[in-house]
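Q: Next up is a structure, given as structure tokens.
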Amino acid sequence: MTRIERFGWRGEPGPGIGRVVRAHGDYFHLVCDECPDGEVLARRKKSAFRDAEPPMTGDFVRFAYNPSGESMVLEVLPRFSRFERRSPSARRGAQTLAVNFDSLFIMMSLDRTFSLPRLERYLALAEGVGEAEVVVVLTKCDLPGADELVVPESVKIPVVRISSVTGEGMDVVRAHFAPGRTVALVGSSGVGKSTLVNALAGGGVAATGDVQSWSCKGRHTTTSRQLFMLPDGSMVVDTPGVREIGYVGEVDAVLAKGESTHRWRK
């Protein structure tokens, strides 16, 4: 098996195919067969992307390899899955959050930030992900009162409750990881995406941070998308925390055994 196949490539392997593991402006870190042990730093060829969306972490791209100079990304190859939201910018277009994943983990924490309307918005957006399974992962199930927070039976996709403290649910989560498969993690800051990556990797791969006690909001420990290969040969894309899904100013609800406490979120 070639290196690009180990990183999830499903087509015919060959020269000039890479996968983006990190992106910085016009520059992209690629894994590819041309560099069997490391990464190639390639620049986006601007003339090739005048009318096309630029590459992002997780993309498979075609590139011109230059071992003694600057390699160039020429095109983004077709994506088999994609998760996007309404952009928070003034133009209100679509913003892509993750691409080319086999499983999408929608992550929320079982603390007082748990919001059923936000979960419903995530699930509505996830209906168009393409060839991928969607799983709701509820973190911090060891917290006091977490058992009282429930997801209604109308949610028909798998729901897993996990704890990085007790290890509850981790075996169920690990069942979604296998060599060559990619799992994308999406959710607000502080829900435990980076903590989950570290637990799966068996070490400090991704930076983690505490949730601010005064606001229950997490700090942005992941500031850019990164693709990690785990020891078992599976891959995970850790995305920056999402502050809003859908329209700003909607009413959120915290569900506790059928009772809703409404509050305005800004």
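Just so you know, all these numbers are worked out from the coordinates, no wet-lab data involved. If you're wondering where the values come from, they're calculated on a predicted model, not measured in any experiment. All Cβ positions, even for glycine, are placed from backbone atoms using ideal geometry, and neighbour counts span all protein chains on display.
Q: Which of the aspartates and glutamates could a cross-linker bridge to K46, judged by Cα under 15 Å and excluding same-chain residues fewer than eight apart?
A: D26, E70, E75
Q: Please arrange D59, D232 by how many other C-beta atoms lie within 10 Å of their C-beta, fewest to most.
A: Ascending Cβ contact count within 10 Å gives the list D232, D59.
Q: On to the next question. When Lys and Arg each count +1 and Asp and Glu each count -1, what net charge do the other residues less than 12 Å away from E5, Cβ to Cβ, add up to?
A: Counting the neighbours of E5, the net charge comes to +2.
Q: Under 20 Å from the 7 Å Cα→Cβ point of L143, by amide nitrogen: which residues of region 102-130?
A: What the label zone holds, given the 20 Å backbone N cut-off, is 105-123.
Q: Then there's this: Where the centre of each part is set by its Cα atoms, how far does region 1-20 sit from region 25-45, in angstrom?
A: Cα centroid of region 1-20 versus Cα centroid of region 25-45: 13 Å apart.
Q: What net charge do the residues around A23 carry, taking every other residue with its C-beta under 10 Å from that of A23, with Lys and Arg at +1 and Asp and Glu at -1? Walk me through the numbers on the way to the answer.
A: Details: positive: R22, R44, R225; negative: D26, D59.
Spelling it out: positives minus negatives among the neighbours equals +1.
Q: Okay, next question. M170 to R10: extension gain in nm, 0.36 nm per residue of separation minus the Cα-Cα distance?
A: Extending this stretch completely gives an extra 54.8 nm.
Q: Here is a further query. Lys and Arg at +1, Asp and Glu at -1: add these up for the other residues within a Cβ distance under 10 Å of M108 and post the number.
A: +1
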